[in-house]
Each structure stands twice: as structure tokens, then as C-alpha cells.
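Student: Have a look at this one before I ask anything.
The values are calculated or read from the model by the stated rules, or taken from the named source; none is laboratory data. Keep in mind it's a predicted model, so treat the numbers as computed, not measured. FYI the Cβ positions are ideal-geometry reconstructions off the backbone, even for glycines, and counts take in every protein chain you see.
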Amino acid sequence: MNFELSHIPVRSRKPREEGLTMVMDKGLSLRQAEDLVEGCGDLVDLVKLGFGSSYVMPKLRDKITMYREAGIRVYLGGTLFEAFVARGGFNEYRKLVDKLGLDLAEVSDGSVSVPHDDKCRYISTLAKDVTVLSEVGSKESGILISPAKWVRMMQTELEAGSWKVIAEARESG
């Protein structure tokens, strides 16, 4: 750090299990991603290629390699997972994760309705091959989930094989 500031915990070195920092890449160019890594790559643990941007992203493999070489784990955002599932393409999604050499996958149902039992089966299947992050919640306003139900869903997803569960409460994207 550039100066002292009281009451700030000491930042552990990578690889970390707690105090993780995730950055969402919403379509950065390779050069912009390189600048991100140069500026704060030592602080970033995970990069999520969000909103299905990887579908149109130039130099996708180069970017994944660059992040990986900086010690940053990369994964495709849950919206892309949902797009595959909505089209009956879960196995194609698994093949894509493998083809890109990713060791993380996100499972979500924030944009597309996926029965929770099915979601847990997707988590369990993916967890045999990669580390799984899952999201509980919705991107839409007006969808309310009781705290007790959130906790139950999170516990079930952890039991199904999720490494971490993210609480989703965004109204856009």
C-alpha cells in the first residue's frame, strides 16, 4: 500500500480463501484488461466475464490466459449459463467451460427461472469437474425472497457443491 491507514486489515497474498476480490469484466478490450492487471492485479482474485460478453469478446482466449498468468481465476457469468440452460444446452455449456480451460463456473437463476432442485443438480454435476460459484436472488425488482428462504437456498447450494454462494439483489443486467 502507498501509505498507512488505521483499522485496515492486513491483506493476505494469493491464493486467498477469504477477503476475495472479484471484478466483473463487462467487455474490456485485451489492452484494458492488461491495464487492470497492471494497476491492481495483485488485489484481484477472480474475474467474471459478465452478461454473456464472452460470446462476442475479441481475443477471449488471450484474455483468459493473461488473467490466469496474473494469478486471477476467470469464469463465465451466470447469465451465459442461464442462456445455455434455457436452450437445453447444459452439456454444451460444460464443454465450453472445458474448452476454454476454466476451473470455475457460475450457476445462477437470476434472469431465467430454474427450479431450485434442477439448479442444485447443475451445481452438483459441474462441481465434479470445476469449482462452482452460485448466486441466490433475482435481478428483477419486486421479487422478494424471505431471509429464511435465502439461507435455506444458500445452504442447499453449498451442500450441492458450491464453493461460494453470492447474494444477488441487482435490478439491472
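Student: Can you tell me which residue in the range 96-111 is nearest to M24 (Cα to Cα), limited to those that are touching a residue at least 40 places away in the same chain (Cβ under 8 Å) and surrounded by 21 or more Cβ atoms within 10 Å (Cβ to Cβ)?
Tutor: Selected residue: E106.
Student: Related question: What pairs come up if the first residue lies in the range 122-143 and is more than 14 Å from G110 (Cβ to Cβ) and part of a loop (DSSP other than H, G, I, E, B), the second is at pLDDT 95 or above and small (G, A, S), and their beta carbons are under 7 Å apart, counting only those six or more places apart or on different chains?
Tutor: If the second residue must be at pLDDT 95 or above and small (G, A, S), the pairs left are A127/G161; V130/A105.
Student: Which pairs have Cβ atoms under 6 Å, sit 6 or more apart or on different chains, and link a residue in the range 54-65 that is surrounded by 13 or more Cβ atoms within 10 Å (Cβ to Cβ) to one that is polar (S, T, N, Q)?
Tutor: L60/S54
Student: In the range 1-44, what count of residues is obtained for those that are surrounded by 10 or more Cβ atoms within 10 Å (Cβ to Cβ) and not in a helix (DSSP H, G or I)?
Tutor: The qualifying residues number 19.
Student: I'd like the full set of residues that are assigned to a helix (DSSP H, G or I) and more than 20 Å from W163 (Cα to Cα), limited to the range 85-95.
Tutor: Within the range 85-95, V85, A86, N91, E92, K95 qualify.
Student: What pairs come out if I take residues in the range 74-95 that are more than 15 Å from L126 (Cβ to Cβ) and touching a residue at least 24 places away in the same chain (Cβ under 8 Å) and pair them with residues that are part of a helix (DSSP H, G or I) and of a type outside the set (A, V, I, L, M) whose C-beta lies under 7 Å away, six or more apart or interchain?
Tutor: V74/Y67; V74/R68; T79/F51; T79/G52; A83/G52
Student: Considering only the range 111-170, how many residues are under 22 Å from F84 (Cα atoms), modelled with pLDDT under 95 and basic (K, R)?
Tutor: Counting residues in the range 111-170 that are under 22 Å from F84 (Cα atoms), modelled with pLDDT under 95 and basic (K, R) gives 2.
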